[in-house]
Amino acid sequence: MNAGLLADFSRITPALNVITDHERLRPFETDAFISHRAVPMCAILPEDETQVAAILASCSARGVPVVTRGAGTGISGGAIPSEDGVLLVLTRMNHIGKVDHQARTATVGPGVRNLAVSDAAAAHNLFYAPDPSSQLICSIGGNVAENSGGVHCLKYGLTTHNVLQVRLVLSGGESMTLGSRALDAAGYDLMAVVTGSEGMLGLVTEVVVKLTPVPEHVETLLAAFPSVTDAANAVGRIIGAGVVPAALEMMDKMVIEACEKFMSAGFPLDAEALLLIELDGVREEVADQLVRVEQVLNDCHAQEIRRAKSDAEREKLWKARKGAFAALATIRPDYYTIDGTIPRRCLPDVLARYTQLAEEYRMLVANVFHAGDGNLHPCIFYDATVPGEMERSEELGGKMLEICVEVGGTITGEHGVGVEKLRQMCVQFREAELATFHAIKAAFDPAGILNPGKGVPSLKRCAEWGGMHVREGKMPRADIPRF
Amino acid sequence: MENLIQSLTERVKQAASNNTPLAIHGGNSKSFYGGAIRGDALDLRAYTGIIDYEPKELVLTVRAGTPLQEIETALEAAGQMLPFEPPYYADTATIGGTVATGLSGPRRPYTGAVRDFVLGTRIINGKGEDLSFGGRVIKNVAGYDVSRLMTGAMGTLGVLLDISFKVLPKPTDEITLRFEMDEATAIQRFNEWAGKPLPISATSWHQGVAMVRLSGAAAGVKAAREKLGGEAVADAQAFWRDLRDHRAPFFEDAEPLRRLSVPSTTSPLSLDLPQWIEWGGALRWVKGAADVKVLREKIASVGGHATLFRHGDKSVGVFHPLAPVLAKIHVNLKAAFDPDNILNPGRMDNFS
């Protein structure tokens, strides 16, 4: 451990919580991308922006890398520490400040859990819209870093649409306010650049989020289809009919079979795809949409349509979406989740190619899509104890992402690049574009100490990369939904 | 079109090597906005056309020089819209200028701004490199969000070529309600209503009259109307269009017009200037002579920013000055995209 750095830290405040012993550092060695691990030189749990700024100034003067971590639920490895660096853990900055119901905003620390924001706003009949599946434990700072999505973002947008203002500390220790409580701010849209920047531009120490009125009425439908094409058509026609559902999820045959086997859901045995549709809004508007959606589902050959008549029934329908993976994981213990996005019209074609690839690799692949926005989450099931299986799943995942790029999509819709998808970044972007990303980083972090080696591959690495694959494995706390 | 891109790229490279500034333009409908224009004209109007529009995808990709009217007509035919209700200011408006200025219309507080719907861009940077960022899909977090950075950057970071948008279904029914109330009451009501699940799509207050537009399915609009009260306005479309494009008499004289962007709940500003309020209280237009320093301080103190939108003396700066640490990042970003400072130099005049 760097003695000068330690001396600096003790000068910041004697009470500063600095962890340096190996045993206590072990829990921080990875996030939810657990196949990569690195024990940092030290971990610090600062309590306010002043401490963060002083720590950063000291690290940058000494050229020491800094990685920021929130709840550690990221699944692309963005919060994996640098061995020769400092890990800043922001979980103690979990203060919920003012919930301004008139202005529909909440001011929160980066360590505040996503769901805690909605809980704090519930008394005013408001909520924080982005709902990544890990929302029970993931923190707002991490949501900003990853530009997190969720199942309701077709209608309510991503983090970037729901964050108004942040306090940002640069690697040199300078702090500033980006964005505004007004609807825009002077200058370039730096909020857009910082949201989703994976902790590589600066540290977020406070976030002002936008709150949304809780919809008056919700309807949830589950429909079974004889073919993926029928289901995909239904998705297009629902949107074509002028309806933007709050959620529009699609599940393939593997998921249906799992539902059947483990939950006796009673779906038609020849069903090839399920659609889970949630409509919300003003009561009369939802009633109107419901009629139109049911018409479309019938026109698109839905074999069966179930409509939730109570909150308990709604929960039950969502179980098909959420419970199937836990069920499938009993067949093969490990799974690797892919996060590509494609233009929705390519869905039947891409899915057919995925099925073919899965057969070639002799692996189980279950598909869940945020169908409304074309965000795919194929799950590759494998057993890490069988030699070579994990590597095969990674290779298969890489090929699936490359198909996304080929059809005009992207390698990551909401999980981020981290260390996981660095190689695919070389597929999606050309040299001058990657160079632009590096120049943006330098504009914020000239010392280059923030989360080095993540998010954007070096041009040299892209040139060198042949058949190298990144690793993936089991997740800690598999009970927490992740996607 | 690839030949045209080639020649645009060459023009930029040439300008960079000769160090001669370029003034990028489309229909010049918003040339009044922003810092003074200098440099050789780089006309994008020939780079026109819809590249891809599939209504069921909710995604539209267009060339920057495409007239806004052409785009909105195509969307209208499919029952869809650009959800940020872009101002034209003149019929010649192009989509490139719409994105470069980052200006949104009356619907903005209720559905989002231009930047919220930009999914991807293809640009030429100041080095003459042809670059693409983002894409044609709604969710995409690969790399920094350069496309949204381009939105509102006044063409200072790149020449916009292609732009992809998320679009939305156009509400089938619309009604506008009129209320007589004072400024403070209007601001309070607008904020209260925005906190409820009501299909509000625009708000305005001017000279003791508040206007509220409801958009959605007929049944939802009808139910909301009953909840809100007020009196229905005939021919309200023209009212909102005139407000959006500043064709109402309030905007038509040559007085300096200022755009004050403030938190929506900000109490009446009492500036003693004629005023028009939009965006649920978050946008306040004022006109007439004012002490710029005092005005900026006042607006900054409530957490907003003041822009000299049209007319008046630009020498004191059009845009609200940035804090030094922010200005430094702007300078760095400008240098990263345009090291020779040839793209619309000075058009964004709050850093240098």
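Read-outs: derived from the displayed coordinates by stated rules, not from any lab. In this text, all values refer to a predicted model and were calculated from it rather than measured experimentally. When we count neighbours, we look across all protein chains shown, and the Cβ atoms used for this are built from the backbone with ideal geometry, even at glycine.
Could you tell me whether the range A:96-213 comes out rounded, prolate or oblate from its Cα gyration tensor? Rule is a ≥ b ≥ c as square roots of the eigenvalues, rounded for a/c under 1.5, then prolate if a/b exceeds b/c, otherwise oblate. Display every interim value, and only then the final one.
Values: a/c = 1.56, a/b = 1.37, b/c = 1.14.
The shape class here is prolate.
Any of A:LYS441/B:LYS166; A:LYS98/A:LYS210; A:LYS261/A:LYS319 with alpha carbons more than 21 Å apart? Name them for me.
With Cα atoms farther than 21 Å apart: A:LYS441/B:LYS166.
Helix-only mean residue ellipticity at 222 nm, chain A, DSSP H runs n ≥ 4 weighted -39,500 (n - 2.57), per residue, nearest 500. What is it? Kindly include the intermediate steps, with their values, before the conclusion.
Numbers: 17 runs with 175 residues, N = 483.
Estimated from H runs of four or more residues: -10500 deg cm²/dmol.
Find how many whole Å separate the alpha carbon centroid of the range A:1-29 from the alpha carbon centroid of the range A:389-432.
Each part reduced to its Cα centre gives a spacing of 36 Å.
Can you list the residues, at least 5 places off or on another chain, whose amide H is less than 5 Å from the amide H of A:ALA273, using H built in the peptide plane?
Hits under the 5 Å cutoff: A:PHE225, A:SER227.
Output the 0 to 90 degree angle, nearest 10, between the alpha-carbon long axis of helix A:49-62 and the longest principal axis computed from the alpha carbons of chain A.
70 degrees
Identify unpaired cysteines across the protein assembly as shown, taking unpaired to mean no other cysteine Cβ lies under 4.7 Å from the residue's Cβ.
A:CYS42, A:CYS59, A:CYS138, A:CYS153, A:CYS259, A:CYS300, A:CYS346, A:CYS379, A:CYS404
Net charge near B:LYS170: determine it from the other residues with C-beta under 13 Å of the C-beta of B:LYS170, scoring Lys and Arg +1 and Asp and Glu -1. Show your work: numbers first, answer last.
Values: positive: B:ARG107; negative: B:GLU72, B:GLU76, B:GLU85, B:ASP173, B:GLU174.
Here the charged neighbours net out to -4.
Would you mind working out the magnitude of the charge dipole of the protein assembly as shown relative to its Cα centre, with +1 at each Lys and Arg C-beta and -1 at each Asp and Glu C-beta, to the nearest 20 Debye?
1060 debye
Enter the angle in degrees (range 0 to 90, nearest 10) between the Cα long axis of helix A:228-240 and the first principal axis of the Cα atoms of chain A, meaning the one along which they spread out most.
Between the helix axis and the principal axis of chain A, the angle is about 80 degrees.
When we measure straight from the Cα of B:LYS170, which lysines land under 18 angstrom away, once same-chain ones fewer than 8 places off are left out?
The qualifying lysines are A:LYS155, B:LYS56, B:LYS222.
How would you classify the range B:181-242 from its alpha-carbon gyration tensor, with a ≥ b ≥ c the square roots of the eigenvalues: rounded for a/c under 1.5, else prolate if a/b is greater than b/c, otherwise oblate?
Note, shape of the range B:181-242 comes out oblate.
Below 17 Å, Cα to Cα, which lysines can B:LYS298 reach? Residues fewer than 8 away in the same chain don't count.
B:LYS287
B:GLU231 versus B:ALA46, label points 7 Å from Cα toward the beta carbon: distance in nm?
The two pseudo-label positions are separated by 5.6 nm.
At a Cα cut-off below 20 Å, give the lysines reachable from B:LYS13, other chains included and same-chain residues fewer than 8 away excluded.
B:LYS127, B:LYS334
Take the Cα coordinates of the protein assembly as shown, assign each an equal point scatterer, and use the Debye formula without solvent to give log10 I(q)/I(0) at q = 0.07, 0.09, 0.10 Å⁻¹.
-0.51, -0.88, -1.11
Ordered by residue, what ³J(HN,Hα) values in Hz, to whole numbers, does the range B:21-28 give under the Karplus form 6.51 cos²θ - 1.76 cosθ + 1.60, where θ = phi - 60° and Gly and Pro are x?
x, 10, 10, 6, 8, x, x, 6
Using θ = phi - 60° and the Karplus relation 6.51 cos²θ - 1.76 cosθ + 1.60, list the HN-Hα couplings for the range B:198-210 in order, rounded to whole Hz, with x at every Gly or Pro.
10, x, 6, 10, 6, 9, 8, 9, 7, 6, x, 10, 9
Where the centre of each part is set by its Cα atoms, how far does the range A:188-222 sit from the range B:323-352, in angstrom?
With the range A:188-222 and the range B:323-352 each reduced to a Cα centre, they are spaced 27 Å.
What is the sum of charges around A:ASP100, taking Lys and Arg as +1, Asp and Glu as -1, for the other residues whose C-beta is under 15 Å from the C-beta of A:ASP100?
Charge balance in the 15 Å sphere: +2.
Compute the acute angle (0 to 90°) between the alpha-carbon long axis of helix B:292-301 and the principal axis of greatest extent of the alpha-carbon atoms of chain B; round to the nearest 10°.
70 degrees
Could you point to the residue in B:PHE133, B:GLY79, B:GLY97 farthest towards the positive end of the range B:70-150's charge dipole, with +1 and -1 charges on the Cβ of Lys/Arg and Asp/Glu respectively?
It is B:PHE133, whose Cα lies furthest towards the positive end.
Once each part is reduced to its C-alpha centroid, what is the distance from the range A:70-120 to the range B:9-82 in angstrom?
Result: 39 Å between the Cα centres.
Amide H neighbours of A:ALA329 under 5 Å, at least 5 residues apart or on other chains, H built in the peptide plane: list them.
none
Under the definition of partner shielding as Cβ atoms of other protein chains within 10 Å of a residue Cβ, what is the mean value for peptide A:342-354?
Shielding by partners across A:342-354 averages 2.
Please state the charge dipole magnitude for chain A, taken about the Cα centre, from unit charges on C-beta atoms (+1 on K and R, -1 on D and E), reported in debye and rounded to the nearest 20.
Values: 45 positive and 60 negative charges, 116 e Å.
Here the size comes out at about 560 debye.
Whole-Hz ³J(HN,Hα) for each residue in the range A:72-87, computed from phi via Karplus 6.51 cos²θ - 1.76 cosθ + 1.60 with θ = phi - 60°, x for glycine and proline: what do you get?
x, 9, x, 10, 10, x, x, 10, 6, x, 8, 4, 9, x, 9, 9
Once you list every other residue whose beta carbon is under 12 Å from the beta carbon of A:CYS300, what net charge do they have if Lys and Arg are +1 and Asp and Glu are -1?
Here the count lands on -2.
Once amide H atoms are built 1.01 Å from N in the peptide plane, which residues 5 or more positions from A:THR105, or in another chain, come under 5 Å H to H?
Counting only residues 5 or more places away or on other chains, the set is A:ASP100, A:LEU211.
Please report, in debye to the nearest 20, how large the charge dipole of the range A:79-190 is about its Cα centre when each Lys and Arg carries +1 at its beta carbon and each Asp and Glu carries -1 there. Write out the running numbers ahead of the final one.
On the way: 7 positive and 9 negative charges, 83 e Å.
Magnitude of the dipole: close to 400 debye.
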